[in-house]
Every structure is written in C-alpha cells, then in structure tokens.
Amino acid sequence: MRIIAATSHAPSSLGNLIAAPYLGALSLFAGAALRRDISLEEAADLLDADEGTFGGAHFDTLAWLLEVRAFSSPALTLVMPEPGRIEGLVGGPQAVMAALAGGQALTVGDGVHASHQLTIASPRYEGATTLDLVRTNVPGTSTHVAGSEAAHARERLYRALSGSHERLREYDMIPEEPVRPDALPKGWVLIEPPRGMPATHAHAARLAGRVVSLAEAGITQATTSGEPSAQRALEELRFLAREGRAVLAQTLSYASPWSTAL
C-alpha cells in the first residue's frame, strides 16, 4: 500500500488509487487495522511514512490506534463539512471552525457516543507540507455513524452522476480518469485500498474522490468566469461535490458491527 502526497513523485499507474482527505485515509487504514486486515503497526507505519509527511509532531498514530481499539464498539466517522452544512461535527465553535477551514474532520466514538474529534491545524508557516492534527475531546456526545451506510454509497453516487455525465464532459471533467498528485485538493492524498476493503466500496470511493477533485477545480474556474452559463455550472458542480463528499464519508468511515447500537 502507498500514501502519496501532492508533493510526491507520481507513480506510473494511478488507476487503482483513491483520492481522499487525509483524515479519510486515517479512518480507512485504522478501520482496516480494527478489522484485523492489517496490523496496527502496519497502519501506523503507512500513515507516518516519510513520503507522506503527515501527522505532525504532536500526534502519536500508534498510541491513538491502540486507544481506539480499546473501545468496545469503535466508530470512525469522516465528516467533510462546508458552510451551512456541518452535520456530524461535534465539539465547540473552535472545533467546528477548524473543521470548516480544513474541509475535513474525523469523529471518533464508542458506538454512537463520541469520544473526540480530529481536525487539521492551520499550516505553521507558508509552504508547510506537514499536516498537524488537533484533538478535541467531546466525551459522551451523541453522533451519527456514517460507516454503517457504506453499502448504499455506490448507488447514491451513480444517481448523482446519471443526469450530469454529459455536462461533466462539457466541463472537461472525466471521472473515469485518475487524479494526479499535483491536482489534489489541499489536505488530500492518494491511497491504495487496504486489504479487506470491499471492491464495491473501493470503486465508489475511487470514483467519488475523482468527482470531488474535479468538481472543486471546476468550481474555482466557474467562480471567476463572467460567462452567463457559469451560475448554472456552479450549481451542478456544487451538487456533485456535495454528493461525492457524502459518498467518501460513507466509504472511508468505519463502524464496528455493534457501533450503531444505543
């Protein structure tokens, strides 16, 4: 397995890789370790790899994995919020603002009861390539468990794309083509699906990551365009980005068999 950052050298083949926010990669590999598809040590080594340059100096990945494994019903829920859409976030205003600024958060819980939330800190200096994780403890807060909905993710994405495929090509957006490292949104990585990830989930996550990456780039272009069709394009692209984020949250989150029980 590989984790490839935006600054990494592109491999010869990108077709199998999933474009995902870093906290989504953290959730995916942690979930694989919790299912015992890979070891905790392997998951920590992959997430802390020198090429990835993630995690920062104040986050011990292996210690965190051990803590989560000790929960009776571990649940990892990726949240990809946007202004006005913050469902799934926990914690106070500071944690919510951090999640919005980074476009991602990971709610960690024991069943439906949250323990803490991870967010990405602001870069410590211009051009920094290390992502520092910030932990906000929220013991006992009730939360939604997105990983329990993964079985329906692919159908949701297909419905979103069914009426937009031709329009996507008009915007020169082709979801079938892989995302290159230099085209990743800020705070995202490319990852190989870990052992044990169902093929249908991997396919849905792969396609959703491409859709979000392409839609976000298209939104930036449409926002600066003065053409009359730009507003319609913005609405369609924002819808696709929103649906793609929801599917990524479902497929990259983890829910133990008992984590949705009260």
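Laboratory data are not the source of any read-out in this text; all were calculated from the coordinates shown. From a predicted model like this one, the values you see are computed outputs, not experimental measurements. FYI the Cβ positions are ideal-geometry reconstructions off the backbone, even for glycines, and counts take in every protein chain you see.
Some values worked out for this structure:
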quantity	calculated
Highest to lowest packing among 231-243, 181-193, scored as the average C-beta count within 10 Å	181-193, 231-243
Highest to lowest packing among 100-113, 30-43, scored as the average C-beta count within 10 Å	100-113, 30-43
Euclidean distance of C-alpha centroids, region 179-235 and region 54-109, integer Å	21 Å
